[in-house]
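**Student:** Pasting in a structure now, in structure tokens, and then I'll have a few things to ask.
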Amino acid sequence: MNLQNLVRKNIRRLVPYSSARKEFAGTAEIFLDANENSFGSPLSINYNRYPDPLQMEIKERIAKINNLKSSEIFIGNGSDEAIDLLFRIFCRPAKDNTLICPPTYGMYEVSAEINDVQVKRANLTKNFRLDFQAIENAVNENTKLLFVCSPNNPTGNSFQREEILNLAKNFGGIVVVDEAYIHFSSEKSLLDEINNFPNLVVLQTFSKAWGLAGLRVGLAFANEEMIALFNKVKPPYNVSQIAQEAILAALENRETVEKTVAAIISEREKLVKKLKLFSFVQMVYPTDANFVLVKMSAANSIYKFLLDEKIVVRNRNSVELCKDCLRITVGTPEENKILLEALEKL
């Protein structure tokens, strides 16, 4: 595959913005090149200087953890930035289209609409599996992006590696695999395949397993040519200094993340077992994520009841194939106990 043939002509011609911190990468004592406030800020910690535009220290650490090159990693303002950049790089407004497999993460469609890109759908089967015939039928010569969320949101199930790689092998555009919940899954990440498939992009995030949703830091992994396109189009300082410092500190404490993930999986299994005991619960779908999708009678009423109990879950009743379903995030043991005690009142 010639990746450049898929890139929009204006992006191929684009001369990226060259920031002061990108032009100078050495060491110095006095910086008078970026029009920063040299007198500092009102904060006790000084953030008057622009951050590293390419987040190199973070990339080097993540690369070492995952046996990758730093040039195969993009770091953005949440995974949503990477999603938006994919549309900007590959999809011509009002001409090209993207393919999603509902029910799935809603930002794929929102980002497409923002970028004036048509959205095509190949719904999952009733068992929440990929419908390959529907995917094949939906694709045409203008289909540039195919999004697969695994583990999927809101259903929670993972798709098999071989299924996704088969899509990457046969699809003429870019296959984007969203692994936001991969740390909770028994399925192996596709990171080790990015150099085997030039059209494969793998998204991950610090929001879920790492517990750093407030920082808004996401990642995209792909071959060097693809990541160079991300860096060409992104804003110059897309990840703040505060976020970069916090991520670096978190990377020094991976053991805590592993323990937290194990605790969430344990609580998830306990929650699933107890939810199945309620008479109004019709189905608790298999999940590889940090949430469960629950089909129940009178889902709307139960959702409103839980709100009255000061408990907020996600009502997915209006989503394709999720009629009468609530999505429940796995909480702490105490939070799960309060939820179950509330449900016992029904």
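The values are calculated or read from the model by the stated rules, or taken from the named source; none is laboratory data. Since the structure is predicted, the reported quantities are computational estimates derived from the model, not experimental observations. Positions of Cβ are generated from backbone atoms using ideal geometry, with glycine treated the same way; all protein chains shown enter the neighbour counts.
**Student:** Only one residue in Asn253, Asn195 is closer than 17 Å to Glu72 by Cβ, surrounded by fewer than 22 Cβ atoms within 10 Å (Cβ to Cβ) and not aromatic (Phe, Trp, Tyr), so which one is that?
**Tutor:** Answer to the selection: Asn195.
**Student:** To continue, here is another question. Ser189 versus (1) under 11 Å from the mean Cα position of the chain (by Cα); (2) without any contact (Cβ under 8 Å) to a residue 24 or more places away in the chain: which is the lone unmet condition?
**Tutor:** (1)
**Student:** Mind listing whichever residues of the range 221-276 are of a type in the set (S, T, N, Q) and either within 20 Å of the chain's Cα centre (by Cα) or modelled with pLDDT under 95 (or both)?
**Tutor:** Asn223, Asn231, Asn238, Ser240, Gln244, Thr260 - these are the residues of the range 221-276 that are of a type in the set (S, T, N, Q) and either within 20 Å of the chain's Cα centre (by Cα) or modelled with pLDDT under 95 (or both).
**Student:** Here's a follow-up. Search the range 152-171 for residues that are touching a residue at least 24 places away in the same chain (Cβ under 8 Å) and pair each with any residue that is part of a helix (DSSP H, G or I) when their beta-carbon atoms are under 7 Å apart and the residues are at least 6 apart or on different chains.
**Tutor:** Note: pairs meeting the criteria are Leu165/Glu193.
**Student:** Same structure again: Does the range 63-85 contain any residue that is out of contact with any Pro (no Cβ under 8 Å at 6 or more places or on another chain), over 16 Å from Leu203 (Cβ atoms), part of a loop (DSSP other than H, G, I, E, B) and not charged (D, E, K, R)?
**Tutor:** Yes.
**Student:** Hey, another quick one. From the list Asp80, Asp131, which residue is acidic (Asp, Glu) and either within 19 Å of the chain's Cα centre (by Cα) or at positive phi (or both)?
**Tutor:** Asp80
**Student:** Being outside the structural domain of Ala209 (by TED's automatic domain parsing) and closer than 20 Å to Leu124 by Cβ: is that true of Ser301 here?
**Tutor:** no
**Student:** Gln282 passes all but one of (1) surrounded by 16 or more Cβ atoms within 10 Å (Cβ to Cβ); (2) polar (S, T, N, Q); (3) part of a strand (DSSP E or B); which number fails?
**Tutor:** It fails just one condition, (1).
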